[in-house]
Amino acid sequence: METAQMPAFTPEAAVEQFGDTVFRAAFGLVKNPQDAEDIAQEVFLNLVRHAPQFDSAEHQKAWLLRCTINRCKSHFRSAWVRRSAPLDEHLSTPFTPAENTVLDAVAALPMKYRQVIYLHYIEGYSTAEIAALLGLKQNTVLSQLSRGRALLKDTLKGDF
């Protein structure tokens, strides 16, 4: 009689499979590649330190994204970030000018709208999944998506 074995979720496999996703999520929220790299490293260090058990790859991805969002929130609460001004330099990004305009508009949104818009439109999560990830009610996520889209519409009205 064979027993079903849980797949092995090693940190190395997690970095290989979800490293880009974690980095993109962090970059989408903090808008600084160096800070996004630091946050991604901290997220994977937490994975190694805590060694949680996962039911599936989707469960692991959700855990990593939740940790990334929490770490980004902590980043914005830090005294260093609140007291320092970013350098005004334009880093080359692999996006078209139109995509950069949209990404800049998303980056200008308040965090609560930015995170739900990122998770819904870029990562492809449903509102129910976002609610579970963020510990919110689904109606709250729907309201935040609606308000975020309205803000984006007002911001981007002249550009498109």
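Table for the structure above
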read-out: In segment 63-80, residue modelled with the lowest pLDDT [restricted to those that are part of a helix (DSSP H, G or I) and surrounded by fewer than 19 Cβ atoms within 10 Å (Cβ to Cβ)]; value: TRP80
read-out: Test: residue in segment 21-33 that is farther than 20 Å from GLY124 by Cα and touching a residue at least 24 places away in the same chain (Cβ under 8 Å); value: yes
read-out: Residue, farthest from VAL30 (Cα to Cα), within segment 121-149, restricted to residues that are in contact with a Ser or Thr (Cβ under 6 Å, 6 or more places away or on another chain) and open to solvent by 60 Å² or more (accessible area, probe 1.4 Å); value: GLN138
read-out: Filtered residue count, segment 8-20, keeping only those that are assigned to a helix (DSSP H, G or I), open to solvent by less than 80 Å² (accessible area, probe 1.4 Å) and farther than 20 Å from GLU123 by Cβ; value: 1
read-out: Failed item, numbered, when TYR118 is tested on (1) open to solvent by less than 30 Å² (accessible area, probe 1.4 Å); (2) aromatic (Phe, Trp, Tyr); (3) over 19 Å from ARG71 (Cα atoms); value: (3)
read-out: Verdict on GLU99 being of a type in the set (Asp, Glu), within 19 Å of the chain's Cα centre (by Cα), at pLDDT 80 or above and surrounded by fewer than 18 Cβ atoms within 10 Å (Cβ to Cβ); value: no
read-out: Qualifying residue in segment 25-38 (condition: assigned to a loop (DSSP other than H, G, I, E, B), among the aliphatic types (A, V, I, L, M), modelled with pLDDT under 90 and out of contact with any Pro (no Cβ under 8 Å at 6 or more places or on another chain)); value: no
read-out: Filter result (open to solvent by 30 Å² or more (accessible area, probe 1.4 Å) and either of a type in the set (Lys, Arg) or assigned to a helix (DSSP H, G or I) (or both)) within segment 45-62; value: LEU45, ASN46, VAL48, ARG49, HIS50, ALA57, GLU58, HIS59, LYS61
read-out: Subset of segment 53-73 (residues that are aliphatic (A, V, I, L, M) and under 10 Å from the mean Cα position of the chain (by Cα)); value: LEU64, LEU65, ILE69
read-out: Odd one out for LYS112, checked against (1) more than 18 Å from PHE27 (Cα to Cα); (2) modelled with pLDDT under 90; value: (1)
read-out: Pair list, Cβ < 8 Å and 6+ apart or interchain, from segment 122-146 residues that are closer than 18 Å to THR68 by Cα to residues that are among the hydroxyl-bearing types (Ser, Thr, Tyr) and assigned to a loop (DSSP other than H, G, I, E, B); value: LEU133/TYR125
read-out: Matching residues in segment 25-36 - criterion: being more than 11 Å from ARG114 (Cα to Cα) and touching a helix residue (DSSP H, G or I) at 6+ places or on another chain (Cβ under 7 Å); value: ALA26, PHE27, LYS31, PRO33, ASP35, ALA36
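The values are calculated or read from the model by the stated rules, or taken from the named source; none is laboratory data. Small disclaimer: the values here were computed from a predicted structure and weren't measured. Quick reminder, even Gly has a Cβ in these numbers, built from the backbone with ideal geometry, and neighbours come from all protein chains shown. Just the protein is used for accessible areas: all its heavy atoms, side chains included, with ligands, DNA and RNA removed. Shrake-Rupley method; radii C 1.70, N 1.55, O 1.52, S 1.80 Å.
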